[in-house]
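First the structure, which I've put down as structure tokens, then a few questions once you've had a look.
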Amino acid sequence: MIAESVVLLSLLAAGQVDVRSNTDCPSSSAIGERLGPLLPGMSGRDVADVQLLGIQPDGTTDLYVSLSDPGGVLIGGRQVSLRGSCAQMAEAVAAILAAWKSNPGTRVSSGATDTVTAAGADIAKSPEAPAPSRFAVLAGAGGGAHFVGGTALGGNLELRFGLAASSWQLRLAIATETARQLDLAAGDYHGHVDWQHHSAALGLAWRALHPRWQLGLDAGLVAGWATVEGSGFSSNRSERAFEYGAAAGLRGGRRWGRFTLWVEARPTLWLKGHEVHVVGSTAGTDLPRVDVAASLGASVQILP
């Protein structure tokens, strides 16, 4: 009977507050479950928004919590810093929302800041802090190796941006690499060809909204220049050619506050191929159209 009553109260609360969280620690479902016993018999469907602002080096999670009525009028808004497990943080957020829901006449400034220990410490108010940005912007850099058609070192710079509450982002990146070498023999000449790619990419990226661990996928278009230079022949030539293709990335990492350290695998398919041949000879070869790179890098969250 007691268990049935708790389930009923949880369902009632779910109808009263639409909880939206851009992180799974604490998740919207976990917060909603803990609101049930705190809001028995109340009416009105308010909207609660929980935004992850960042993770501090000591493990403290910074969140912005707000509650609005069905008409979009702000009931309460506060930045909070939580420490504890995901379940404890969900309980702390639910307690804040329940307090606002129970006493909607008390308006809370969106600039106020709370410091909360999710396990149950006191709440301390600090001076005004700015409301969080609706947008998330991350800048990153990485370096690694390319493995097809020889081995080369490579590096890249990227910018990712999108809505803070969304898993989807746009990715802009530029990349370069050192030259790889292909041996090429023609008659009495045994030379080689040095070749490399310099490119820019635009794509769509997905990320898991976890406060500590990062998992991401992206895919998009890539374009750039292939540089080819002969060496060891009677007459050596150097050429640059435009190229285009598609690339994808799989990334995993660990967050510390605004900083993330990650590892990544990135295959690239060049749709425009390049043929290398020796003038006056049938000797020649095609440059690989597929490339695979493995990288280690870091990102910093600029906004929010």
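The values are calculated or read from the model by the stated rules, or taken from the named source; none is laboratory data. Being a predicted model, the structure only gives us computed values, none of them experimental. Glycine gets a Cβ as well: all are built from the backbone with ideal geometry, and neighbour counts include every protein chain shown.
Table: residues versus (1) crowded, with 17+ Cβ neighbours inside 10 Å; (2) at pLDDT below 70; (3) assigned by TED's automatic domain parsing to the domain that holds residue 90; (4) assigned to a loop (DSSP other than H, G, I, E, B).
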residue	(1), (2), (3), (4)
13	yes, yes, yes, no
18	no, no, yes, no
23	yes, no, yes, yes
26	yes, no, yes, yes
31	yes, no, yes, no
34	yes, no, yes, no
47	no, no, yes, no
53	yes, no, yes, no
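For the subset of segment 202-256 comprising residues that are farther than 30 Å from residue 64 by Cα and touching a Phe, Trp or Tyr at 6+ places or on another chain (Cβ under 6 Å), which member is modelled with the lowest pLDDT? Steps first, answer last, please.
Initial filter on segment 202-256 (farther than 30 Å from residue 64 by Cα): 202, 219-249.
Filter once more, so that each one left must be touching a Phe, Trp or Tyr at 6+ places or on another chain (Cβ under 6 Å): 223, 228, 233, 240, 243, 245.
On the way: 223: 96, 228: 87, 233: 68, 240: 89, 243: 93, 245: 96.
Here the answer is 233.
Sticking with this one: I'd like to check something: does segment 179-191 contain any residue that is under 20 Å from residue 294 (Cβ atoms), hydroxyl-bearing (Ser, Thr, Tyr) and outside the structural domain of residue 26 (by TED's automatic domain parsing)?
No, the conditions are met nowhere in segment 179-191.
Going by the conditions given, is residue 144 outside the structural domain of residue 28 (by TED's automatic domain parsing) and either in a strand (DSSP E or B) or under 30 Å from residue 21 (Cβ atoms) (or both)?
Details: outside the structural domain of residue 28 (by TED's automatic domain parsing): yes; either in a strand (DSSP E or B) or under 30 Å from residue 21 (Cβ atoms) (or both): yes.
Yes, satisfied.
Moving on. Can you tell me which residues in segment 140-168 are among the polar types (S, T, N, Q) and either over 20 Å from residue 223 (Cα atoms) or without any contact (Cβ under 8 Å) to a residue 12 or more places away in the chain (or both)? Break it down into steps so the answer makes sense when it comes.
At the first step, the residues of segment 140-168 found to be among the polar types (S, T, N, Q) are 151, 156, 166-167.
Matches in segment 140-168: 151, 166, 167.
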